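**Student:** Please read through the structure below; I'll follow up with questions.
The values are calculated or read from the model by the stated rules, or taken from the named source; none is laboratory data. A quick note: this is a predicted structure, and the numbers were derived from the prediction, not measured. Positions of Cβ are generated from backbone atoms using ideal geometry, with glycine treated the same way; all protein chains shown enter the neighbour counts.
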Amino acid sequence: MNNNPFFEKWNTPFDSIPFHLFKKEHYVPAIDKGLEDARKGLKELKENNATPTFENTILPLEVGEEDLGIVTGVFFNLLSAESDDEFKQMANEISPKLASLSSEVFLDDVIFQKVKHVYENQDGLNAEQKRLVNMLYKRFIRNGALLDPEKKKKLEQIDQELSVLSPSYSRNVLNSTNSFIHFVDTIEELDGMPETAKQAAKELAKQRGKEDKWAFNLQAPSIVPVLSYAKNRKLREIISRAAGKRAFNDDFDNQDIIKKIITLKHERAELLGYKNHADYTLQERMAENVETVNEFLEKIYQVSYPKAKEEVEELKALAKRIDNLDEFMSWDSSYYSEILKKEKYDFNEEELKPYFKMENCIEGIFKTAGKLYGLRFVENKEVPVYHKDVTVYEVRENENDFVGLLYLDLFPRETKRDGAWMTSYRSQGLFRGEVVRPFISIVANLTPSTSDTPSLLNLREVETLFHEFGHALHGLLSDCTYPSLASPSVYWDFVELPSQIMENWVKEEETLKLFAYHYQTGELIPKELVEKVRRAEKFNKASFNIRQLNFGMLDMAWYSQDNRNVKSVIEFEDNAIEKLRLLPRVEGSCISTSLSHIFAGGYSAGYYSYKWAEVLDADAFEKFLEDGIFNQETARSFRENVLARGNTEHPMDLYVRFRGRKPDAAASLRRDGLI
């Protein structure tokens, strides 16, 4: 293709992505060319009259969309991290085209019969090849290969519609988030807030042309300090209400999109012979079925809810005692929690921030990976990036072995969706005829620097960094042959184990010694402050569990039954989570309209997996605690049996090989101090 950098030779380090060459007008033509080439390959596959084998059937299906995959990988990653309205609109054109190709593959009986033949004749294949064949055969069936022509057509229509709805939902959440800005006139209205937060608010106001004011948006670095420290209750309420009503009854309302997604996913599951979307999804999860998930979540509820009520009553009593507050609301919870934590443990999380300079935290993460897995991270300024805030590191081990590239994009901007995530621009595994190393990216919205202060992170942000770095290690240390089986392409209730286990290292003294130095004095974080952190670790854990159950149980309510007749999103939501309520309902707020994980992020009928993985990570980290958190043998076993193996085996088999037994279901509740 002439003059399109996606199809030209890239003279970049490691054949990395040449972001600097791409323009908006390149994407759709490149995707069209990728689709054309993929269809040519499918035509050749179908017309091949030789007996179907792994080499002439399975392998072409595995690698037949390589060029297309590069283009779509760049496009959809930038759609989340660096896109404007025009870029977002392109998704509405691109997504249906990709859905059409997927339908053409999985609903084609000629291709399916060839796959079926290989599935029934696996002699001579190695274990990973057999796994790939079995997974691909199952994928065909789960995507309608056994349906009659009329039902196949219906399934194709559903997939087309869904391909547009998810990007539309995401666009609405981002636009609704970006539409809010709140200005404060006087510094007195910010009493109680940290100086760094006030400086950030001042700079945001300057960016909006109001140098005499302070401004707040709905990005986490702006919201969290207000809700945690602002004595100004009215300000807390304004910010809390705005965050709670994103994409709900505003210009970017998501309610109709939710109803359509729910309806289509249920109809899709029924077409394929399942009771509901959750039943369909969980067949490919460790939990396996709705009953197991509901029992799991209910067990956490039964333990956590009574204790969470006690925690809330303690906060209410404190608010009454010090401020004579009679009606305790959601915008009061974080504020009085900080006061209570200070009273109980003589600990304020703001004390930690001077020791958590962002650059030092990154260095600490790299050193942790070095001590565990022998990795080295070397910044490479020659690798092209898509935004000036992005930094790139070569990841190496042993003398000079190349492991992969790691991109870091850590600060908020209006072109980036909220939250934090790990993604990849190239998976580990077979690519253009050779097994290649991956290009991994961490994207986040951490507290940025100001003109007076460098980026200083709160404890939760440090944990978020370690969490996403755990995902990155999963991708970087993958050691598989075929990309669709490579890490982190594993069962979704297993994928959070590598990320969540990394959070455990944050509060360990051995780890903190690697990076937690005061940004001004260079002093190591005091041991007594670390002890305060550890003593406060179990503070309000029951309430945190209930917050997570709100998302997990709401997710299962939406997807584990037929909800095609739901008239009101908010009424449905209220009924689904009523038993979890700890505080009065806030009129005008809605969780579902901005819960991107389950409506646009791939976690539909899967949000429970965060809690599920907590059991795995708590149990697994106990092994590290027993052996030493930097024990080389334990780290080697975790790498070889969990991080490296991807989806080449069932995750429970991999876990048992590492741990020596199945996980202890009570491990996370025990760690939280709830049992």
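**Student:** Assuming TYR280 fulfils every condition listed in (1) outside any helix (DSSP H, G or I); (2) over 26 Å from PHE544 (Cα atoms) apart from one, which condition is it?
**Tutor:** It fails just one condition, (1).
**Student:** So is ILE223 surrounded by 18 or more Cβ atoms within 10 Å (Cβ to Cβ), aliphatic (A, V, I, L, M) and without any contact (Cβ under 8 Å) to a residue 24 or more places away in the chain or not? Steps first, answer last, please.
**Tutor:** Working: surrounded by 18 or more Cβ atoms within 10 Å (Cβ to Cβ): yes; aliphatic (A, V, I, L, M): yes; without any contact (Cβ under 8 Å) to a residue 24 or more places away in the chain: yes.
So ILE223 passes the test.
**Student:** Another question, if that's okay. Checking PHE296 against (1) within 20 Å of LYS662 (Cα to Cα); (2) outside any helix (DSSP H, G or I), only one condition comes out false. Which one?
**Tutor:** With respect to (1) within 20 Å of LYS662 (Cα to Cα); (2) outside any helix (DSSP H, G or I), PHE296 is out only on (2).
**Student:** Has the range 227-239 got any residue that is assigned to a helix (DSSP H, G or I), out of contact with any Cys (no Cβ under 6 Å at 6 or more places or on another chain), modelled with pLDDT of 95 or more and among the polar types (S, T, N, Q)?
**Tutor:** Taking the range 227-239 as the starting set, the residues that turn out to be assigned to a helix (DSSP H, G or I) are 227-229, 233-239.
Next, only the ones that are out of contact with any Cys (no Cβ under 6 Å at 6 or more places or on another chain) stay: 227-229, 233-239.
So of that shortlist, the ones also modelled with pLDDT of 95 or more come out as 227-229, 233-239.
From the residues that got through so far, the ones that are among the polar types (S, T, N, Q) too are 228.
There is at least one residue in the range 227-239 that is assigned to a helix (DSSP H, G or I), out of contact with any Cys (no Cβ under 6 Å at 6 or more places or on another chain), modelled with pLDDT of 95 or more and among the polar types (S, T, N, Q).
**Student:** Here is a check on your reading of the model: is PHE494 in a loop (DSSP other than H, G, I, E, B), buried (at least 20 other Cβ atoms within 10 Å of the Cβ), in contact with a Pro (Cβ under 6 Å, 6 or more places away or on another chain) and touching a residue at least 24 places away in the same chain (Cβ under 8 Å)? Even if it seems obvious, please write down each step before you answer.
**Tutor:** Details: in a loop (DSSP other than H, G, I, E, B): yes; buried (at least 20 other Cβ atoms within 10 Å of the Cβ): yes; in contact with a Pro (Cβ under 6 Å, 6 or more places away or on another chain): yes; touching a residue at least 24 places away in the same chain (Cβ under 8 Å): yes.
Considered against the rule, which asks whether it is in a loop (DSSP other than H, G, I, E, B), buried (at least 20 other Cβ atoms within 10 Å of the Cβ), in contact with a Pro (Cβ under 6 Å, 6 or more places away or on another chain) and touching a residue at least 24 places away in the same chain (Cβ under 8 Å), PHE494 comes out as yes.
**Student:** Are there any pairs, at least 6 apart or on different chains, whose C-beta atoms fall under 7 Å, with the first in the range 552-564 and farther than 16 Å from LYS260 by Cα and among the charged types (D, E, K, R) and the second assigned to a helix (DSSP H, G or I) and modelled with pLDDT of 95 or more, and if so, which?
**Tutor:** Taking only residues 6 or more apart or on different chains, not a single pair turns up.
**Student:** If you don't mind, there's one more thing I want to ask. Of the residues in the range 103-139, how many are more than 21 Å from THR481 (Cα to Cα) and in a helix (DSSP H, G or I)?
**Tutor:** Here the count works out to 13.
**Student:** Sticking with this one: Please enumerate the residues belonging to the range 56-70 that are of a type outside the set (A, V, I, L, M, F, W, C) and either in a helix (DSSP H, G or I) or without any contact (Cβ under 8 Å) to a residue 24 or more places away in the chain (or both). Please lay out each step first, then the result.
**Tutor:** Filtering the range 56-70 down to residues of a type outside the set (A, V, I, L, M, F, W, C) leaves 56-57, 60, 62, 64-67, 69.
Hits for the range 56-70 are ASN56, THR57, PRO60, GLU62, GLU66, ASP67, GLY69.
**Student:** Taking into account only those residues within the range 382-400 that are in a loop (DSSP other than H, G, I, E, B) and of a type in the set (D, E, K, R), which is farthest from the chain's Cα centre (by Cα)? If you could, list the steps in order and put the result at the bottom.
**Tutor:** Going through the range 382-400, the residues in a loop (DSSP other than H, G, I, E, B) turn out to be 382-390, 398-400.
Subsequent filtering for residues that are of a type in the set (D, E, K, R) retains 382, 388-389, 399.
Numbers: GLU382: 28, LYS388: 23, ASP389: 20, GLU399: 33 Å.
Step by step, filter the range 382-400, then rank; the result is GLU399.
**Student:** Which is free of Cβ contacts under 8 Å to residues at least 40 places away in the same chain, under 29 Å from MET135 (Cα atoms) and part of a helix (DSSP H, G or I), of GLY34, GLY73?
**Tutor:** Working: GLY73 fails: free of Cβ contacts under 8 Å to residues at least 40 places away in the same chain.
Just one listed residue meets the conditions, GLY34.
**Student:** Right, another one. Can you find even one residue in the range 243-250 that is polar (S, T, N, Q), buried (at least 21 other Cβ atoms within 10 Å of the Cβ) and not in a helix (DSSP H, G or I)?
**Tutor:** Among the residues of the range 243-250, not one is polar (S, T, N, Q), buried (at least 21 other Cβ atoms within 10 Å of the Cβ) and not in a helix (DSSP H, G or I), which makes the answer no.
**Student:** Could you check the range 632-669 and list, in sequence order, the residues that are farther than 23 Å from ALA287 by Cα and surrounded by fewer than 17 Cβ atoms within 10 Å (Cβ to Cβ)?
**Tutor:** Within the range 632-669, GLN632, GLU633, ARG636, GLU640 meet the criteria.
**Student:** In addition: Is one or more of the residues making up the range 507-523 in contact (Cβ under 8 Å) with a residue 40 or more places away in the chain, within 24 Å of the chain's Cα centre (by Cα) and surrounded by 23 or more Cβ atoms within 10 Å (Cβ to Cβ)?
**Tutor:** no
**Student:** Here's a follow-up. From the list ASP617, ASP627, ASP672, exactly one residue is surrounded by 22 or more Cβ atoms within 10 Å (Cβ to Cβ) and either polar (S, T, N, Q) or touching an Asp or Glu at 6+ places or on another chain (Cβ under 9 Å) (or both). Which is it? Even if it seems obvious, please write down each step before you answer.
**Tutor:** On the way: ASP627 fails: surrounded by 22 or more Cβ atoms within 10 Å (Cβ to Cβ); ASP672 fails: surrounded by 22 or more Cβ atoms within 10 Å (Cβ to Cβ).
Step by step, each of ASP617, ASP627, ASP672 is checked, and only ASP617 is surrounded by 22 or more Cβ atoms within 10 Å (Cβ to Cβ) and either polar (S, T, N, Q) or touching an Asp or Glu at 6+ places or on another chain (Cβ under 9 Å) (or both).
**Student:** Taking helices (runs of 4 or more DSSP H) that do not extend beyond the range 566-675, which have at least 2 residues that are small (Gly, Ala, Ser) and over 21 Å from SER489 (Cα atoms)? Don't jump to the end; show me each part of the working.
**Tutor:** Numbers: elements: 569-577, 596-599, 609-627, 632-638, 651-659, 667-671.
Once the helices (runs of 4 or more DSSP H) in the range 566-675 are filtered for at least 2 residues that are small (Gly, Ala, Ser) and over 21 Å from SER489 (Cα atoms), what remains is 667-671.
**Student:** In the range 89-108, what residues are without any contact (Cβ under 8 Å) to a residue 60 or more places away in the chain and more than 25 Å from the chain's Cα centre (by Cα)? Before the answer, list the steps.
**Tutor:** Applying the first criterion (without any contact (Cβ under 8 Å) to a residue 60 or more places away in the chain) to the range 89-108 yields 89, 102-103, 106-107.
Within the range 89-108, SER103, PHE106, LEU107 meet the criteria.
**Student:** Hey, does the range 463-475 have a residue that's assigned to a loop (DSSP other than H, G, I, E, B) and either surrounded by fewer than 24 Cβ atoms within 10 Å (Cβ to Cβ) or not aromatic (Phe, Trp, Tyr) (or both)? Quick ask: steps written out before the conclusion?
**Tutor:** Step one: filter the range 463-475 for residues assigned to a loop (DSSP other than H, G, I, E, B), giving none.
Checked against the condition, which is being assigned to a loop (DSSP other than H, G, I, E, B) and either surrounded by fewer than 24 Cβ atoms within 10 Å (Cβ to Cβ) or not aromatic (Phe, Trp, Tyr) (or both), the range 463-475 yields no hits at all.
**Student:** Quick check on the range 517-535. Is at least one of its residues more than 16 Å from LYS353 (Cα to Cα) and part of a loop (DSSP other than H, G, I, E, B)?
**Tutor:** Checking the range 517-535: not a single residue is more than 16 Å from LYS353 (Cα to Cα) and part of a loop (DSSP other than H, G, I, E, B).
Yes or no, residue by residue, for (1) within 30 Å of ARG208 (Cβ to Cβ); (2) in contact with a Gly (Cβ under 7 Å, 6 or more places away or on another chain):
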{"residue": "LYS388", "(1), (2)": "yes, no"}
{"residue": "GLU394", "(1), (2)": "no, no"}
{"residue": "GLU397", "(1), (2)": "no, yes"}
{"residue": "ASP401", "(1), (2)": "no, no"}
{"residue": "LEU405", "(1), (2)": "no, no"}
{"residue": "PHE411", "(1), (2)": "yes, no"}
{"residue": "ARG417", "(1), (2)": "yes, no"}
{"residue": "ALA420", "(1), (2)": "yes, no"}
{"residue": "TYR425", "(1), (2)": "no, yes"}
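**Student:** Identify all residues within the range 142-159 that are buried (at least 17 other Cβ atoms within 10 Å of the Cβ) and part of a helix (DSSP H, G or I); write none if there are none. Working first, answer last.
**Tutor:** Kept after step one, since they are buried (at least 17 other Cβ atoms within 10 Å of the Cβ), are these residues of the range 142-159: 142-145, 147, 152, 155-156, 158-159.
Selection gives ARG142, LYS152, LEU155, GLU156, ILE158, ASP159.
**Student:** If I ask for residues that are of a type in the set (A, V, I, L, M) and either modelled with pLDDT under 95 or surrounded by fewer than 23 Cβ atoms within 10 Å (Cβ to Cβ) (or both), which ones from the range 423-441 would you list?
**Tutor:** So in the range 423-441, the residues of a type in the set (A, V, I, L, M) come out as 430, 435-436, 440.
Result: LEU430, VAL435, VAL436.
**Student:** Does VAL403 satisfy the condition of being assigned to a strand (DSSP E or B) and either at pLDDT 95 or above or in the same structural domain as SER222 (by TED's automatic domain parsing) (or both)?
**Tutor:** Details: assigned to a strand (DSSP E or B): yes; either at pLDDT 95 or above or in the same structural domain as SER222 (by TED's automatic domain parsing) (or both): yes.
So VAL403 fits the description; yes.
**Student:** Shifting gears a bit: May I ask you to say which residue of GLY209, GLY192, GLY273 is in contact (Cβ under 8 Å) with a residue 40 or more places away in the chain and either closer than 27 Å to LEU410 by Cβ or in a loop (DSSP other than H, G, I, E, B) (or both)? Full working, then the answer.
**Tutor:** Values: GLY209 fails: in contact (Cβ under 8 Å) with a residue 40 or more places away in the chain; GLY273 fails: in contact (Cβ under 8 Å) with a residue 40 or more places away in the chain.
Residue meeting the stated conditions: GLY192.
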